1. Answer yes or no as to whether N84 is over 30 Å from V337 (Cα atoms), within 29 Å of the chain's Cα centre (by Cα), surrounded by fewer than 16 Cβ atoms within 10 Å (Cβ to Cβ) and at pLDDT below 75.
2. How about region 151-164: which of its residues are open to solvent by 30 Å² or more (accessible area, probe 1.4 Å) and of a type outside the set (S, T, N, Q)?
3. Would you confirm whether or not region 226-238 contains a residue that is surrounded by 15 or more Cβ atoms within 10 Å (Cβ to Cβ) and free of Cβ contacts under 8 Å to residues at least 12 places away in the same chain?
4. As an exercise: evaluate A536 against (1) within 24 Å of G306 (Cα to Cα); (2) open to solvent by less than 40 Å² (accessible area, probe 1.4 Å) and give the number of the one condition it does not meet.
5. Within region 203-225, track down each residue that is under 11 Å from I183 (Cβ atoms) and either under 33 Å from the mean Cα position of the chain (by Cα) or open to solvent by less than 20 Å² (accessible area, probe 1.4 Å) (or both).
6. Those residues that are of a type in the set (A, V, I, L, M), at pLDDT 95 or above and either in contact with a His (Cβ under 6 Å, 6 or more places away or on another chain) or farther than 18 Å from V311 by Cα (or both), I need them from region 496-533; list them, please.
7. Between a first residue in region 447-474 that is closer than 21 Å to K367 by Cα and a second residue that is of a type in the set (D, E, K, R) and open to solvent by 50 Å² or more (accessible area, probe 1.4 Å), which pairs have beta carbons less than 7 Å apart while being 6 or more apart in sequence or on different chains?
8. Name every residue in region 514-549 that is in contact with an Asp or Glu (Cβ under 8 Å, 6 or more places away or on another chain) and of a type in the set (D, E), in order of residue number.
Amino acid sequence: FSVIVFGPDLVNLQEELELVSQQSALIYWPQLTEIASEAADITLHSEPTPENLDKALVSSLKILSLKERAVQLQTKAAVSETRNHQLSQIGIALMTEKNVNNLLALILAKAMDITGSDAGCLYLIEAKPNIAENPQDWWENKQMRFKLTKNNSVSFGFAESVMPINRSSISGHAILTGQPVIIDDVYQIPANEEYHHNPAFDKASGYRTKSMLTLPMKNNQGQILGALQLINKCRYSGEAIVSEEIAMLQVVTYTEEDLSFSFALGSQASIAILNAQHEQDIQNLFEGFIRASVTAIESRDPTTSGHSNRVGVYCVNLGECINRVSAGPLGSQKFTVTQLRELRYAALLHDFGKIGVREHILTKAKKLFPDELDRIYQRFEVIKRTINVDILGKKLAIALDKPGVDLSIAFENIMEEERVRLEEVDDFFESVLKANEPTPLPQDVHQTLVRVAQASYHDLKGIQLDYLTPEELAKLSIGKGSLSQQERIEIESHVSHTYKFLSKIPWTSDLRQVPEIAHAHHEKLDGSGYPRRLDATLIPIPSRIMTICDIYDALTASDRPYKKAMPSERALQILEMEVKEGKLDTDIFKIFIEGKVYSLSS
């Protein structure tokens, strides 16, 4: 626009117009051009004509009015642009936050920020406990949870609480009607309104609640999830609203624009809450599946009950200890919350493949199955009966050969022979019982076994049979543990079964390593592990963690029928030997010791 030059008599008016112009950051919008052009290029000399002066004044006032309107439009546009940008950023933040409690806190904080509120509350609708759903009376099945509150002026203790949903409360009224409630002053609510303000908080805290905006939070399907309540829209921030006077000066009424943006935020928030709740439901469902899987494992092998859960706790604790290390080979290794969850799942499910192993192998406590030992016992009883029969035969033969002769001495010798032979059978069976234990086989017991295997007897039909079958001798000759080579291979196959099973689960991208972590938990760094004989370069760190935790718990567990619980000190010594032999990770074991992870399972 051209500069309008006024005569000397109009200096004051010119200065006033210039002052207004200087106070306003003016942007001339296109729609003003047509009107403004009428006032352009007007020059007033020192003695203007009345017509020119009149025209100049009218045009100047038009320009001044338009400038003021332009400032208002610009300010409104700037606020709208800022709020739209905030809504966009808030939407992104809401969609990325998965923790429901964090999400609710973010919603409340952003709503207060975008409306200039000093305080706020958030309510969620939930089902009443232990009440069956009645679709005919939906609201009767629901209650309102006072979930969250925030106040910039006063501090106070807060605990979640539940309340009925009714029209007497402002939040309940907004939820039941589905309409927002805007109040200039909660202490001036008309008596004919259904709702009222509860002044208890103000009295207890010294706060002064004045203006309020309460709106139902609806998702894109119109379902109401709760209510967002904003309190005391402020002219400016910083002064605590703790008196009537401050409230009257500081607090203003919520505008339609506040309502519009709050509704937009509420819609975003509702969708985000539903998404977070659905994700939490999925997480709970998956956690339930994990627990059910562990229960299935332990029902197949009750002797290891609790093992999977303990290993899971050990692994997570060890991972958290590694996170605190700042130097050394593991200084750069940091597990995220999701990676720790991935490690925990792998630990809980690492033995799931046992469902593919025959149960009598899983629960085998000694080298011989009970029915196998019972057969040997029954056989030895038969052997003892054949000895009895043989001795009776010898007595009868002597008596018939020498009738009328005193046979007491001869019978004594025969009975001594019977005692020795029966005692030998009992000693043989005692050696079988000792050899049947899963503890290391003593040399003298092994030598006795060889003698037992070489012994034979004649059954009642006169057929010569061995005291022990080759299969029984092989099992009793196992040097340590209760499993034969073939049985051990079957037990070890549980790792492969675990991997095949876990690989069929459609894991999310952040949990996709669960099958591989579990697959390698019996591998050793020197390649002596199973089932794939991997070397150190192919064994992931989470699997190395699990290997140490799994071995430690297996050694110290008190629920194994084939061994006694080992003291923690002795278990740690065994682990240390494996570390020195290059089988286990040195650095991880060091943290396992220094962090006393072995004592953190409870």
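1. Numbers: over 30 Å from V337 (Cα atoms): yes; within 29 Å of the chain's Cα centre (by Cα): no; surrounded by fewer than 16 Cβ atoms within 10 Å (Cβ to Cβ): yes; at pLDDT below 75: yes.
For N84, the condition - over 30 Å from V337 (Cα atoms), within 29 Å of the chain's Cα centre (by Cα), surrounded by fewer than 16 Cβ atoms within 10 Å (Cβ to Cβ) and at pLDDT below 75 - is not met.
2. Keep residues of region 151-164 that are open to solvent by 30 Å² or more (accessible area, probe 1.4 Å), which gives 152, 155-164.
The answer is F156, G157, F158, A159, E160, V162, M163, P164.
3. Looking for residues that are surrounded by 15 or more Cβ atoms within 10 Å (Cβ to Cβ) and free of Cβ contacts under 8 Å to residues at least 12 places away in the same chain, one finds none in region 226-238, hence no.
4. A536 satisfies every listed condition except (1).
5. Narrowing region 203-225 to residues under 11 Å from I183 (Cβ atoms): 209-214.
Result: T209, S211, M212, L213, T214.
6. Selection gives A518, L525.
7. Pairs found: A453/D466.
8. Across region 514-549, the qualifying residues are D526, D535.
The values are calculated or read from the model by the stated rules, or taken from the named source; none is laboratory data. Note that the structure is a prediction, hence the values are computed from the model and not measured. Note: ideal-geometry Cβ built from the backbone for every residue, glycine included; neighbour counts use all protein chains shown. Heavy atoms of the whole protein, side chains included, go into the accessibility calculation; ligands, DNA and RNA do not. Shrake-Rupley method; radii C 1.70, N 1.55, O 1.52, S 1.80 Å.
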